[in-house]
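Take a look at the structure below.
The values are calculated or read from the model by the stated rules, or taken from the named source; none is laboratory data. Just so it is clear, the structure is predicted and the values come from calculations on it, not from any experiment. Cβ placement follows ideal geometry from the backbone for every residue including glycine, while neighbour counts extend to all protein chains displayed. Side chains are part of the model used for accessible areas, which takes the heavy atoms of the whole protein and leaves out ligands, DNA and RNA. Shrake-Rupley method; radii C 1.70, N 1.55, O 1.52, S 1.80 Å.
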Amino acid sequence: MSFLRVVVDGRVRDIKTVWMSNGVVWLIEQNLLPFEVQFFKAETVEDVARAIETMVVRGAPAIGATAAYGIALAALKREPLDEAAERLRATRPTAYDLFYAIDHVLEEIEKGTPPVKAADDYAARISDMCKRIGENGDEVIRNGDSILTHCNAGALATVDHGTALAPMREAHRNGKKIFVYVDETRPRLQGAKLTAWELSNEGINYAIIVDNAAGRLMQSGEVDVVIVGADRIAANGDVANKIGTYEKALIAKDNSVPFYVAAPTSTIDFSLPEGQSIPIEERSESEVLYIGGRSIAPKGSKARNPAFDVTSKDLITGIITERGIYKPYELRNLQG
Ligand code: MRU
């Protein structure tokens, strides 16, 4: 059963973020949400790569599953898989699932698994991991809690269920009364546009806050727990996630609010000993200088736009994975 319930043309549909049918990869066009639900059709590896680059699809596990389907597409067209892999790996640098998924699907194909089955199995495995993240993470949410989250780590960012949003869906379905504070997440507003959309489809109460409001709310005791996703986790438990996550973790620590990261083990890069060596994507200045196509700064202004930051393991209460909840220093035991 899919957990991404959306209303399309007046009908409630259960759909996934990415899937493949009849040799075509289909994606929800996330750039158009929450105003329009449209689907993006990728027929070539280049279409898939462009979809990732232009953020038709985004979020670490979803990028990984999409790239897996890109490899399947190349195999179906009898194109060189190493070239397809190289093109797909060059799309976005931070999310580790992208690299993990490509390697995994290439290995499966090498072992003789039919390419589309290899990609479908990968997507199903990620979906199942996220379901279990929800079941495991439910325990950090008490009845009546207010939860703060940053960016979108929901079903749209995975294949289904979500990572940070999975425990919230689970708690809500188990009858707990919860409230979610959604950071708007400048510059691309994944919180205001995507997380709010998912929560409203699910019937979970929420309020969108500007990114700078988290300190005020935590200081006044209005946040019981913070749960965010991850783009890449280093072996020591340092976590790269959407820009601003680090600040939320510092504020949480200062106010004794538990700070959890939810991620499948496919997001852990055991080859990196610590987080400062995680590559951080720097995106276009225009994302900062324009909102909705309108300039918001004096002509000629420069901008910086790092898309992710690194939160030190020391600020993290626990990492919620499909295998259980771990302290950052315990992650090394999961290797292999
Ligand atoms: O730039 P984005 O939208 O791809 O960034 C997404 C995030 O930072 C998410 O929090 C992360 O990928 C976890 S998704 C389950």
Inter-label distance, nm, simple model (7 Å from Cα along the C-beta direction), residue 323/residue 301: 4.6
So for 256, 277, what's the accessible-area order with a 1.4 Å probe, most first? 256, 277
Using amide H atoms built in the peptide plane, which far-off residues or other-chain residues are under 5 Å from residue 225 H to H? 146, 148
Kirkwood estimate for segment 5-129, i.e. one over the average of 1/r between Cα atoms, Å: 14.4
Taking the solvent-accessible surface of protein heavy atoms with a 1.4 Å probe, what is the per residue accessible area of segment 5-129 in Å²? 44
Restricting to Cα pairs under 8 Å and 6 or more apart, the percent relative contact order of segment 259-336 works out to 40
What percentage of the solvent-accessible surface of the chain, computed with a 1.4 Å probe over protein heavy atoms, is contributed by carbon and sulfur atoms? 48
Can you tell me, using C-alpha contacts under 8 Å and at least 6 residues apart, the relative contact order of segment 98-167 as a whole percent? 31
Helix 115-137 versus the longest principal axis of the chain: what angle, 0 to 90°, nearest 10, using Cα atoms? 10
Angle, helix 60-76 long axis vs. longest principal axis of the chain, Cα atoms, 0 to 90°, nearest 10? 0
Residue-normalised accessible area of segment 138-334, expressed per residue, 1.4 Å probe, Å²: 40
Please compute the length gained on full extension between residue 287 and residue 254, using 0.36 nm multiplied by the number of residues separating them and subtracting their Cα-Cα distance. 8.8 nm
What FRET efficiency comes out for the pair residue 334/residue 37, r = Cβ-Cβ distance, R0 = 41 Å, nearest 0.05? 0.65
Just to confirm my numbers, what's the Cα centroid distance between segment 258-277 and segment 100-145 in Å? 16
Rank by packing, highest mean first: peptides 85-93, 167-175, with packing defined as the count of other Cβ atoms within 10 Å averaged across residues. 167-175, 85-93
Find the relative contact order for the chain and round it to a whole percent, using C-alpha pairs within less than 8 Å whose residues are 6+ positions apart. 16
Over the chain, what is the percentage of antiparallel beta bridges among all DSSP beta bridges, to the nearest 5? 55
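Normalise the Cα radius of gyration of the chain by 2.2 N^0.38 Å (N = residues in it) and let me know the number.
0.94
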Per-pair calculated FRET efficiency, R0 = 25 Å: residue 46 and residue 128 via Cβ, rounded to 0.05: 0.25
Can you tally the net charge around residue 263? Count Lys and Arg as +1, Asp and Glu as -1, for every other residue whose Cβ sits under 13 Å from the Cβ of residue 263. -1
Rounded to two decimal places and with Rh computed the Kirkwood way over Cα pairs, what is Rg over Rh for segment 138-334? 0.97
Can you compute the modelled spin-label distance between residue 54 and residue 173, with each label point 7 Å from Cα toward Cβ, in nm? 3.4
Using a 10 Å cut-off on Cβ atoms, rank the peptides 279-287, 15-23, 262-270 from the highest mean neighbour count down. 262-270, 15-23, 279-287
